[in-house]
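Working notes for the structure below.
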Amino acid sequence: MLILFLTIPFASYAENTSLKNDTSENFLKELPQEMPIFIKEKKILLSKEKMKKWFQEKPQLVYAPEYLSEIEKSDFCSWEKMALCNLLFSYQKQIHIKKESTLNISPQPIQEFVNQLAEEFNQNPESAKFKIENEKVSAFSLGKPGFQLNKEESQKKIIAYIQENDFQKKLELPTTEIEPETANKSIEDLGISQLIGEGKSNFVGSPKNRIYNIKKATEKFEGLLIKPQEEFSFVKILGEVDEENGYLPELVIKKDKTELDFGGGICQVSTTIFRAAINSGLEITARHNHAYPVSYYNPQGMDATVYVPAPDLKFINNTPKYILIQSKIQGTELTFDFYGTTDGRKVNILGPTITEKKSDGSMKTIFTQQVFDENGNLIRETVFKSAYDSPNNYPHPVANSEIFSQKPEGWSDRKWKAYKKEHHL
């Protein structure tokens, strides 16, 4: 004989936590092994075992005419001592009472899950940083809005998603955007609101002094503001390059030879800025390629050599607002970012392409800068041709070496002594 027990259904924790397919066995079979949940395009995979904790099994008695119960006592309701039972089940129906287990969604563990997601993925806003000293920006970063997971709506959305029982649909939880306390308004007054161009180069393999000079020169251009229609001059901003200004001796190309001089490596900076200006669609007014191909400036044809007082790198800020120059060095990669306000222009770079290359290392290259307006009309096309001589025509101070073996003219004894110690001479 089977004895059936009548259990009062538990109270629901939400407005509606019932399931369309409410038999526990069928529903749990349909649960996916992993359920993807998205927060701001961030994908979270929830395992089936964790989802099972979201449900509570509820045993209950139902009337099934085709089902014949075997009960110990015919007076079932008397045995249960429940007046409600007599109202629900007549004596005749009591012998057709069937026990079933159904599932109800339990909102409490879902709420705890959502709280955990909020702690992990909520993102605080970042205030804009902007400080100008001597016409240069000493602290800068664009503000970024944050966001918070809408916990109440997320819980409702998860419950509704489970009730629909269509796990092929994308489940994206709602978020609320939070604006930073210090917005970008002061920066936008100057028109500095977005990245308009970027230039990169890699100085892998550079000796110690060259790396030092690259970093030293890069500091000169960090935070620089260029006014609308102002012509940028690399040499003017760079200033004097000598021992008194903190530069170290390294290889440079001078006239018909390669020799040590203060500031060797600065062309890594001018080349990278040139690429940022090209990619920003700016008008280049002065640019010269190196005498021979240098591996630090690959791809060949997009370099810009400078030397005080000439040659120089120049370009015009032909955008509607100010341009802010920002730099960063990651490993051996140098990057210059130009921030400003776009006028809708689009920039297309064709090349660089090597048009001629000889066995002695000499070559010719070409690339084209195309600038289109916001309607797609070509407004400027500039062709940059470069002719590189053979490196053999510019001998180094020591064959197959970048180490200077004799004290350069104008060096102090102290400087030469330190250099010899550094290079183990």
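The values are calculated or read from the model by the stated rules, or taken from the named source; none is laboratory data. Here the structure is a predicted model, which means the values were calculated and not measured. Cβ atoms come from the backbone with ideal geometry, glycine included; neighbour counts cover every protein chain shown.
For Ile226, work out the one condition from (1) surrounded by fewer than 17 Cβ atoms within 10 Å (Cβ to Cβ); (2) in contact (Cβ under 8 Å) with a residue 12 or more places away in the chain it doesn't fulfil. (1) is the only condition that Ile226 fails.
Highlighted here are the strands (runs of 3 or more DSSP E) found entirely within region 302-377 that include at least 2 residues which are of a type in the set (A, V, I, L, M): 323-330, 346-357, 363-372.
Going through Leu282, Leu238 one at a time, which residue ends up being in contact with a strand residue (DSSP E or B) (Cβ under 9 Å, 6 or more places away or on another chain) and assigned by TED's automatic domain parsing to the domain that holds Ile366? Break it down stepwise before answering.
Working: Leu238 fails: in contact with a strand residue (DSSP E or B) (Cβ under 9 Å, 6 or more places away or on another chain).
Leu282 is the lone residue from the list that is in contact with a strand residue (DSSP E or B) (Cβ under 9 Å, 6 or more places away or on another chain) and assigned by TED's automatic domain parsing to the domain that holds Ile366.
Would you check if there is a residue in region 287-300 being more than 25 Å from Leu350 (Cα to Cα), part of a loop (DSSP other than H, G, I, E, B) and out of contact with any helix residue (DSSP H, G or I) (no Cβ under 9 Å at 6 or more places or on another chain)? The answer is no, given that none of the residues of region 287-300 is more than 25 Å from Leu350 (Cα to Cα), part of a loop (DSSP other than H, G, I, E, B) and out of contact with any helix residue (DSSP H, G or I) (no Cβ under 9 Å at 6 or more places or on another chain).
Residues that are within 30 Å of Glu374 (Cβ to Cβ) and not hydroxyl-bearing (Ser, Thr, Tyr) do occur in region 172-179, at least one of them.
Which is over 15 Å from Ile284 (Cβ atoms) and among the polar types (S, T, N, Q), of Thr353, Thr368?
On the way: Thr368 fails: over 15 Å from Ile284 (Cβ atoms).
Among Thr353, Thr368, only Thr353 is over 15 Å from Ile284 (Cβ atoms) and among the polar types (S, T, N, Q).
Among residues of region 351-379 that are farther than 17 Å from Tyr394 by Cβ, those with a beta-carbon under 7 Å from a residue that is among the hydrophobic types (A, V, I, L, M, F, W, C) and part of a loop (DSSP other than H, G, I, E, B) at least six positions away or on a different chain give the pairs Pro352/Met302; Phe367/Met302.
Just checking, which of Leu324, Leu282, Leu260, Leu313 is among the aliphatic types (A, V, I, L, M), crowded, with 20+ Cβ neighbours inside 10 Å and farther than 30 Å from Lys346 by Cβ? Talk me through it step by step, then tell me what you get.
Details: Leu324 fails: farther than 30 Å from Lys346 by Cβ; Leu282 fails: farther than 30 Å from Lys346 by Cβ; Leu313 fails: farther than 30 Å from Lys346 by Cβ.
Sole residue among the options that is among the aliphatic types (A, V, I, L, M), crowded, with 20+ Cβ neighbours inside 10 Å and farther than 30 Å from Lys346 by Cβ: Leu260.
Each residue in region 380-420 was checked for being loosely packed, with under 14 Cβ neighbours inside 10 Å and at pLDDT below 65, and 5 pass. The condition (being modelled with pLDDT of 95 or more and of a type in the set (Ser, Thr, Tyr)) is satisfied by just one residue among Ser270, Ser327, Ser295: Ser270.
One residue is enough: does region 100-109 have a residue meeting the conditions surrounded by 12 or more Cβ atoms within 10 Å (Cβ to Cβ) and at pLDDT below 65?
Residues of region 100-109 surrounded by 12 or more Cβ atoms within 10 Å (Cβ to Cβ): 100-109.
Filter once more, keeping what is at pLDDT below 65: none.
No, the conditions are met nowhere in region 100-109.
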